[in-house]
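A.B. asks: Provided herewith is a single structure, encoded as C-alpha cells, for subsequent inquiry.
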There are 2 protein chains.
Amino acid sequence: MPASFNTLWLRFQPAALLRWLIVLVPLAVLVGTLCSAFLWSLEAATEARFAHPWLLFGLPLGGGAVGWLYYRFGTSVEAGNNLIVEQIHEPGGGVPLRMAPLVFLGTVVTHLFGGSAGREGTAVQMGGSLASWVAGIARLDAAGVRIVLMAGVAAGFGAVFGTPLAGAVFALEVLAVGRVEYGALLPCLLAALLGDWTCQMLGAHHTLYTVHTLLPVSEWLALEPVLLGKAALAGVAFGLAGLAFAEANHVLGGWMKRVVPYGPARPVIGGLAVIALVYLCGTRDYLGLGVWAPDDHVVTISSFFGDTVYPWSWALKLLFTVVTLSCGFKGGEVTPLFFIGAALGNALGGVLGVPPDLFAALGFVAVFAGAANTPLACTIMGVELFGGAHLVPIAVACFVAYVCSGHNGIYLSQRVGVPKT
Amino acid sequence: MPASFNTLWLRFQPAALLRWLIVLVPLAVLVGTLCSAFLWSLEAATEARFAHPWLLFGLPLGGGAVGWLYYRFGTSVEAGNNLIVEQIHEPGGGVPLRMAPLVFLGTVVTHLFGGSAGREGTAVQMGGSLASWVAGIARLDAAGVRIVLMAGVAAGFGAVFGTPLAGAVFALEVLAVGRVEYGALLPCLLAALLGDWTCQMLGAHHTLYTVHTLLPVSEWLALEPVLLGKAALAGVAFGLAGLAFAEANHVLGGWMKRVVPYGPARPVIGGLAVIALVYLCGTRDYLGLGVWAPDDHVVTISSFFGDTVYPWSWALKLLFTVVTLSCGFKGGEVTPLFFIGAALGNALGGVLGVPPDLFAALGFVAVFAGAANTPLACTIMGVELFGGAHLVPIAVACFVAYVCSGHNGIYLSQRVGVPKT
C-alpha cells in the first residue's frame with residue numbers, strides 16, 4: 001500500500017503540468033475574450049432592436065442570409081453542440097475552426113432581428129472549435145484532445161454566464177445521462193475560471209437575480225419539509241417542461257427538414273412565423289434573450305423575481321423559442337430555458353402557495369437541468385447565482401426535474417450512462 | 001422520439017412509488033432516531049470525560065472490553081464501513097443487524113475514555129445495517145437492496161452531520177473513485193432529508209462554524225485569482241494530509257494485526273499508547289471528537305476559525321487518531337479529518353498570508369475529500385456548513401486535494417472508477 005505514495009511522487013511531472021498550462025491558459029483567455037466580445041455584441045444588438053422596432057421585419061431576410069452562409073460554408077459545422085459532444089466521445093475529424101465566426105455572427109443576427117434564442121450554444125461552440133484548433137497546433141493525442149475540448153466547453157459556458165464552477169461541471173456532466181466522471185475536472189475548472197475572469201476583466205457584466213424570501217430560522221424545521229415537498233412537485237412540472245421543450249424542438253425541427261429540404265428557406269419561413277406570433281399574441285416580450293429591456297413594462301427574466309404572478313409567460317416563451325430554433329436560427333437553448341423555468345416557477349408559486357421569487361429561482365435552473373440532463377451543474381449554478389441559502393430546494397427541484405424529463409435531452413449526441421428508472 | 005413521452009407515462013407507477021416510500025420513510029426515521037440517541041450519548045460521554053479526567057486511565061480496559069465483545073460476537077461485522085460498501089457493490093450475505101448496537105456502544109466507550117475518533121463511521125454503519133434489515137423484511141431484489149443500503153448510508157451521514165445533501169451525494173460518490181452515478185439519487189436524498197429532520201426534531205444540534213472573511217466585491221476580480229491559487233496550493237497539502245492519514249491507518253493497522261493477532265489485546269495496547277501520548281505531548285486537547293470543550297483553553301475545531309494560528313495541531317491530531325483507530329477502537333474517521341483539515345488550513349493561513357478562518361473552512365472539507373475520495377460531497381458539505389459565498393475556493397481545494405491523495409482512501413473496498421492521472 002505505501003506504493004501509492006511512490007506512484008504519486010513518480011507520477012508528479014512538472015514538465016507535463018507546464019505543457020498543460022501552455023495549452024490551457026491561452027485557450028481559456030482566448031475563449032473568454034471571444035465571449036466578452038459576443039456578450040457585448042448581443043447587448044448592442046438587443047439595444048438596437050428595442051430602439052428600432054422595424055428590425056423585426058428583417059428577421060426572415062437575416063435568417064435566410066445566415067442560412068445561406070451555413071449552406072455554402074458551414075455544412076461541416078451545422079451539427080453545432082452535438083458535433084462537439086461527439087468529438088469528445090470519439091475524437092476524430094475535429095471541430096472546424098470556422099464554427100466560431102459562423103455561430104458568433106449567426107447568433108448576433110438572430111438577436112438583432114428578434115428571434116427568441118439563447119447564447120450558451122454559441123459560447124460552447126466557440127469554446128469547442130477554438131479548443132479543437134489549439135489541440136491541433138499542440139499535436140495532442142486522442143486523450144488530450146478530449147480533455148482540451150471539454151476545457152473549451154467549460155471556458156465558454158463559465159464565461160458566458162459568469163458561473164465558472166457550473167461551467168466546469170457542465171462540461172463533464174453533459175456527455176452522458178446519469179453519470180459524471182472526474183478525469184478532466186481540474187483542466188475544466190482552470191479553463192472555466194480563466195475564461196470567466198477574462199470575460200469580466202474585459203467589461204462583461206452578468207444580470208444579478210435576487211431571491212428575497214428566506215425561511216425564518218426559528219420555524220425552519222416546521223416549514224422546510226412542506227417547502228421541499230412543493231419543490232419536488234414543482235420539479236415534476238419543470239422536468240416535463242424541459243422534456244416538452246426538447247421534444248418539440250426535435251419533432252418540429254425534423255418535420256421542417258423533411259418539408260423544406262433547402263436549408264436557407266427554413267429560417268425565412270421561421271422569421272415569418274415569429275412575426276405572425278408577435279401579432280397573434282399581441283406582444284414582443286418573448287423575442288430575443290429576455291434578459292434586458294429598456295423599461296419595466298417589458299417582461300424579462302427579472303420580472304419573475306418580483307411579486308407579480310405571470311401565469312402563461314412560460315408557455316409563450318416556449319412557443320416563440322421552439323419556432324425560432326427549429327427553423328434553423330442560430331443561438332443557444334439555455335437562456336430561453338432559464339426564462340421558461342423562472343416564468344413557470346413564478347406561475348407555480350401562485351398555485352402552490354409558495355414565494356414566487358424562490359420558485360422562479362428553482363425553475364430557472366431546474367428546467368434546464370431536465371432539458372439538458374445536467375442536474376448537478378444546475379444545482380451548482382443555482383448556488384453561484386442565488387447563494388447557498390437555497391441549496392437544498394434547488395437540488396430537490398433539479399434532481400426531480402432530471403428524473404422526470406426522459407432520456408432525449410436537447411443534446412442528441414449525449415449518451416445514456418445510467419438509465420433513469 | 002415522442003416515444004419517450006409515452007415511456008415516461010407508462011413507467012410512472014404510483015404503486016411502485018408507494019412501495020418505495022413504505023420502505024424508505026420508516027428506515028430514514030429509524031436511522032435519524034438512532035443518530036439522535038448516538039449524538040446525545042456522545043455529548044454525555046464527552047461531558048463526563050471532561051468532568052472526570054481520571055476516565056482516561058480506563059481507556060485500555062474499556063477498549064479491551066469492546067475488543068472482546070467484537071471478538072466474541074462481532075467478527076461478522078468487524079469490517080465496518082467496508083462491509084457496507086462491498087454489499088452495495090455485490091449484494092450477498094447482507095449486513096448483520098448486530099452491527100448497529102455494537103458500533104454504537106463501541107464508539108461511545110471510545111469517547112467516554114478519551115480515544116481520538118469520529119462518528120461518521122458509526123452513523124454509516126448504523127444506517128447500513130438497519131437498511132439491510134429493512135431490505136430483508138421487504139424481500140427486495142439485489143437492485144433494491146443496493147438502493148436501500150445507499151439510502152441507509154445517506155440517512156446516517158446526513159443526520160449525524162446535519163448536512164443532508166452532502167449525505168446523499170456521499171452515498172453515491174463513496175462507492176468508486178472518480179465516478180458518480182445518479183441511479184439512487186432521489187431515494188438517497190429523501191432518506192438523508194428525513195434522517196436529518198428526525199434527528200433535529202429529537203433535539204440534536206450541530207456546531208456552527210462561521211467564516212467571517214469575505215472578499216470585498218469591489219476588488220473581487222483582483223483578489224480572487226490569487227486567493228484561488230493559494231487555495232490550490234493548500235489543496236495539495238490537504239490531499240497529502242488525507243493520503244498520510246489513510247496510509248498511516250492502513251500500515252499501522254496492518255502491522256498491529258500481524259504483531260498482536262489476538263484482537264482484544266490491540267485496544268489495550270492502543271489505550272496505553274494514547275495515555276503515553278498525552279504525557280509525552282503534555283496535552284489532552286487531541287482526545288475525543290475535538291468538537292466540544294467546557295472552556296476556551298481547550299483546542300477544538302472552532303478554535304481554528306479564530307485569529308490565533310496553531311502551527312502543529314493538525315499533526316498531533318493525526319498522530320492521536322491514527323494510534324487510536326489502528327489499534328481497533330471503534331469510531332469514525334471523518335470528525336478527526338475535519339479537525340486535522342481545519343487545523344492545517346489555519347496553519348497554512350499564516351504561511352500563505354491568507355485569512356486563517358477561510359482556509360480552516362477549506363481544510364475542514366478538503367482533507368476529508370482527499371482521504372475519502374469524495375470531492376463533490378465535500379464541496380456540497382462546504383456550502384451546507386459555511387454558506388455559498390466560498391463555493392469556488394472550497395471546490396478548488398476539494399478537487400485539488402482529491403487529485404493529490406492517491407487511490408487508496410480510508411475505505412479500502414471503494415473501487416477505482418476513473419483513475420486519477
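A.B. asks: Output the residues belonging to region A:331-375 that are open to solvent by 10 Å² or more (accessible area, probe 1.4 Å) and not charged (D, E, K, R). First the steps, then the outcome.
C.D. replies: First, pick out the residues of region A:331-375 that are open to solvent by 10 Å² or more (accessible area, probe 1.4 Å): A:331, A:333, A:344, A:347-348, A:350-357.
The answer is A:Gly331, A:Leu344, A:Ala347, A:Leu348, A:Gly350, A:Val351, A:Leu352, A:Gly353, A:Val354, A:Pro355, A:Pro356.
A.B. asks: Turning to a different aspect of this structure: Take the residues in region A:25-67 that are under 22 Å from the mean Cα position of the chain (by Cα) and farther than 30 Å from A:Gly270 by Cβ; name whichever of them is surrounded by the most Cβ atoms within 10 Å (Cβ to Cβ).
C.D. replies: Filtering first and then ranking leaves A:Ala28.
A.B. asks: Hey, any hits in region A:341-362 for a residue that's part of a helix (DSSP H, G or I) and within 14 Å of another protein chain (Cβ to nearest Cβ)?
C.D. replies: Applying the first criterion (part of a helix (DSSP H, G or I)) to region A:341-362 yields A:341-352, A:356-362.
From what is left, the residues that are within 14 Å of another protein chain (Cβ to nearest Cβ) are A:361.
Scanning region A:341-362, I find at least one residue that is part of a helix (DSSP H, G or I) and within 14 Å of another protein chain (Cβ to nearest Cβ), so the answer is yes.
A.B. asks: Moving on. Are any residues in region B:403-420 open to solvent by 50 Å² or more (accessible area, probe 1.4 Å) and more than 7 Å from chain A (Cβ to nearest Cβ), and if so, which ones? Explain how you work it out, then say what you get.
C.D. replies: The initial filter retains those residues of region B:403-420 that are open to solvent by 50 Å² or more (accessible area, probe 1.4 Å), namely B:403, B:407, B:412, B:415-416, B:419.
Passing the criteria: B:Leu412, B:Arg415, B:Val416, B:Pro419.
A.B. asks: Take region B:163-187 and flag every residue that is within 11 Å of chain A (Cβ to nearest Cβ) and in a loop (DSSP other than H, G, I, E, B).
C.D. replies: Answer for region B:163-187, where residues must be within 11 Å of chain A (Cβ to nearest Cβ) and in a loop (DSSP other than H, G, I, E, B): B:Thr163, B:Gly178, B:Tyr182, B:Gly183, B:Ala184.
A.B. asks: Related question: Checking A:Gly388 against (1) over 19 Å from A:Glu247 (Cβ atoms); (2) in contact with a Lys or Arg (Cβ under 7 Å, 6 or more places away or on another chain); (3) within 14 Å of another protein chain (Cβ to nearest Cβ): exactly one of these is not met. Which one?
C.D. replies: (2)
A.B. asks: Any chance you could count how many residues in region B:299-321 are hydroxyl-bearing (Ser, Thr, Tyr), assigned to a helix (DSSP H, G or I) and open to solvent by 30 Å² or more (accessible area, probe 1.4 Å)?
C.D. replies: Count: 1.
A.B. asks: Next question. Determine, yes or no, whether A:Val77 is open to solvent by less than 20 Å² (accessible area, probe 1.4 Å), without any contact (Cβ under 8 Å) to a residue 60 or more places away in the chain and more than 17 Å from the chain's Cα centre (by Cα). Step through it out loud before you land on a result.
C.D. replies: Values: open to solvent by less than 20 Å² (accessible area, probe 1.4 Å): yes; without any contact (Cβ under 8 Å) to a residue 60 or more places away in the chain: yes; more than 17 Å from the chain's Cα centre (by Cα): yes.
So A:Val77 fits the description; yes.
A.B. asks: Testing A:Pro261 on (1) in a helix (DSSP H, G or I); (2) free of Cβ contacts under 8 Å to residues at least 40 places away in the same chain, one condition comes back false. Which one is that?
C.D. replies: For A:Pro261, the failing item is (1).
A.B. asks: Could you give me the residue pairs with C-beta distances under 7 Å whose first residue belongs to region A:304-320 and is within 23 Å of A:Ala248 (Cα to Cα), whose second residue is aromatic (Phe, Trp, Tyr) and part of a helix (DSSP H, G or I) wherever it lies, and which are 6+ apart or on separate chains?
C.D. replies: Partner pairs satisfying both residue conditions: A:Tyr310/A:Phe304; A:Lys317/A:Phe339; A:Leu318/A:Phe245.
A.B. asks: If A:Val109 meets every condition in (1) within 13 Å of chain B (Cβ to nearest Cβ); (2) more than 17 Å from the chain's Cα centre (by Cα) apart from one, which number is that one?
C.D. replies: (1)
A.B. asks: Could you go through region A:380-388 and let me know if any residue there is assigned to a loop (DSSP other than H, G, I, E, B), in contact (Cβ under 8 Å) with a residue 60 or more places away in the chain and either in contact with a Cys (Cβ under 8 Å, 6 or more places away or on another chain) or under 28 Å from A:Leu223 (Cα atoms) (or both). I'd like the intermediate steps shown before the answer.
C.D. replies: To start, the set of residues in region A:380-388 that are assigned to a loop (DSSP other than H, G, I, E, B) comprises A:387.
Still in the running and in contact (Cβ under 8 Å) with a residue 60 or more places away in the chain: A:387.
With the extra rule that they be either in contact with a Cys (Cβ under 8 Å, 6 or more places away or on another chain) or under 28 Å from A:Leu223 (Cα atoms) (or both), the set shrinks to A:387.
Checking region A:380-388: at least one residue is assigned to a loop (DSSP other than H, G, I, E, B), in contact (Cβ under 8 Å) with a residue 60 or more places away in the chain and either in contact with a Cys (Cβ under 8 Å, 6 or more places away or on another chain) or under 28 Å from A:Leu223 (Cα atoms) (or both).
A.B. asks: Separate question: Could you check region B:391-402 and list, in sequence order, the residues that are in contact with a Gly (Cβ under 6 Å, 6 or more places away or on another chain) and more than 9 Å from chain A (Cβ to nearest Cβ)?
C.D. replies: Scanning region B:391-402 gives B:Ile394, B:Ala397, B:Ala401.
A.B. asks: Being assigned to a helix (DSSP H, G or I), open to solvent by 10 Å² or more (accessible area, probe 1.4 Å) and more than 10 Å from chain B (Cβ to nearest Cβ) narrows it down to one residue among A:Val153, A:Val160, A:Val134, A:Val148; which is it?
C.D. replies: Details: A:Val153 fails: open to solvent by 10 Å² or more (accessible area, probe 1.4 Å); A:Val160 fails: open to solvent by 10 Å² or more (accessible area, probe 1.4 Å); A:Val148 fails: open to solvent by 10 Å² or more (accessible area, probe 1.4 Å).
Answer to the selection: A:Val134.
A.B. asks: So in region A:188-208, with the set limited to residues that are open to solvent by 20 Å² or more (accessible area, probe 1.4 Å), within 10 Å of another protein chain (Cβ to nearest Cβ) and not aromatic (Phe, Trp, Tyr), which one is farthest from A:Thr33 (Cα to Cα)?
C.D. replies: Here the residue is A:Leu190.
A.B. asks: Considering every residue within region A:297-319, establish whether at least one is of a type outside the set (S, T, N, Q) and touching a Lys or Arg at 6+ places or on another chain (Cβ under 6 Å).
C.D. replies: So the first thing to find is which residues in region A:297-319 are of a type outside the set (S, T, N, Q), and the list is A:297-299, A:301, A:304-307, A:309-312, A:314-319.
Now narrow it down to the ones that are touching a Lys or Arg at 6+ places or on another chain (Cβ under 6 Å): none.
No, the conditions are met nowhere in region A:297-319.
A.B. asks: Residues in region A:237-244: is at least one part of a helix (DSSP H, G or I) and either within 30 Å of B:Leu208 (Cβ to Cβ) or without any contact (Cβ under 8 Å) to a residue 24 or more places away in the chain (or both)?
C.D. replies: Within region A:237-244, the subset part of a helix (DSSP H, G or I) is A:237-244.
Retained after the next criterion (residues that are either within 30 Å of B:Leu208 (Cβ to Cβ) or without any contact (Cβ under 8 Å) to a residue 24 or more places away in the chain (or both)): none.
So far as region A:237-244 goes, no, none of its residues is part of a helix (DSSP H, G or I) and either within 30 Å of B:Leu208 (Cβ to Cβ) or without any contact (Cβ under 8 Å) to a residue 24 or more places away in the chain (or both).
A.B. asks: So which residues in region A:83-103 are open to solvent by 40 Å² or more (accessible area, probe 1.4 Å), assigned to a helix (DSSP H, G or I) and more than 17 Å from A:Val145 (Cβ to Cβ), if there are any at all?
C.D. replies: If the condition is that a residue be open to solvent by 40 Å² or more (accessible area, probe 1.4 Å), assigned to a helix (DSSP H, G or I) and more than 17 Å from A:Val145 (Cβ to Cβ), then A:Pro101 is the only one that fits.
A.B. asks: Looking only at region B:111-128, which residues are farther than 17 Å from B:Ser36 by Cβ and either part of a helix (DSSP H, G or I) or open to solvent by 10 Å² or more (accessible area, probe 1.4 Å) (or both)?
C.D. replies: Narrowing region B:111-128 to residues farther than 17 Å from B:Ser36 by Cβ: B:112-118, B:121, B:128.
Within region B:111-128, B:Leu112, B:Phe113, B:Gly121, B:Gly128 meet the criteria.
A.B. asks: Residues that are at pLDDT 95 or above and not β-branched (Val, Ile, Thr): which helices (runs of 4 or more DSSP H) entirely in region A:1-76 hold 1 or more of them?
C.D. replies: On the way: elements: A:3-11, A:14-51, A:59-73.
Passing ranges, in order: A:14-51, A:59-73.
A.B. asks: A:Gly242: open to solvent by 20 Å² or more (accessible area, probe 1.4 Å), within 29 Å of A:Val153 (Cβ to Cβ) and among the small types (Gly, Ala, Ser), yes or no? Lay out the reasoning, then the answer.
C.D. replies: Details: open to solvent by 20 Å² or more (accessible area, probe 1.4 Å): no; within 29 Å of A:Val153 (Cβ to Cβ): yes; among the small types (Gly, Ala, Ser): yes.
No; evaluated as a whole, the condition is false for this residue.
A.B. asks: Keeping to region B:267-289, report how many residues are in contact with a helix residue (DSSP H, G or I) (Cβ under 8 Å, 6 or more places away or on another chain) and not in a helix (DSSP H, G or I).
C.D. replies: Step one: of region B:267-289, the residues in contact with a helix residue (DSSP H, G or I) (Cβ under 8 Å, 6 or more places away or on another chain) are B:267-275, B:277-278, B:281, B:283-289.
Add one more test, that the residue is not in a helix (DSSP H, G or I), and what stays is B:283-289.
Residues that pass the stated criteria total 7.
A.B. asks: Here's another thing I want to ask about it. Could you tell me how many of the residues in region B:209-231 are assigned to a helix (DSSP H, G or I) and open to solvent by 30 Å² or more (accessible area, probe 1.4 Å)?
C.D. replies: Narrowing region B:209-231 to residues assigned to a helix (DSSP H, G or I): B:217-231.
Next cut, open to solvent by 30 Å² or more (accessible area, probe 1.4 Å) only: B:217-223, B:225-226, B:229-230.
Selection size over region B:209-231: 11.
A.B. asks: Looking only at region A:282-298, decide whether some residue is under 29 Å from A:Val392 (Cβ atoms), without any contact (Cβ under 8 Å) to a residue 24 or more places away in the chain and either within 19 Å of the chain's Cα centre (by Cα) or open to solvent by 30 Å² or more (accessible area, probe 1.4 Å) (or both).
C.D. replies: Here is the first cut: in region A:282-298, the residues under 29 Å from A:Val392 (Cβ atoms) are A:290-291.
Next, from what is left, pick out any that are without any contact (Cβ under 8 Å) to a residue 24 or more places away in the chain: none.
No; the residues of region A:282-298 include none that is under 29 Å from A:Val392 (Cβ atoms), without any contact (Cβ under 8 Å) to a residue 24 or more places away in the chain and either within 19 Å of the chain's Cα centre (by Cα) or open to solvent by 30 Å² or more (accessible area, probe 1.4 Å) (or both).
A.B. asks: Can I ask one more? Can you confirm whether A:Leu233 is within 9 Å of chain B (Cβ to nearest Cβ) and farther than 24 Å from A:Gly128 by Cβ? Please lay out each step first, then the result.
C.D. replies: Numbers: within 9 Å of chain B (Cβ to nearest Cβ): no; farther than 24 Å from A:Gly128 by Cβ: yes.
For A:Leu233, the condition - within 9 Å of chain B (Cβ to nearest Cβ) and farther than 24 Å from A:Gly128 by Cβ - is not met.
The values are calculated or read from the model by the stated rules, or taken from the named source; none is laboratory data. Predicted model, so just to flag it, every value in this text is computed and none were measured. Cβ sites come from the backbone with ideal geometry, for glycine too, and all protein chains shown count toward neighbours. Keep in mind that these areas ignore ligands, DNA and RNA; they rest on the heavy atoms of the full protein, side chains included. Shrake-Rupley method; radii C 1.70, N 1.55, O 1.52, S 1.80 Å.
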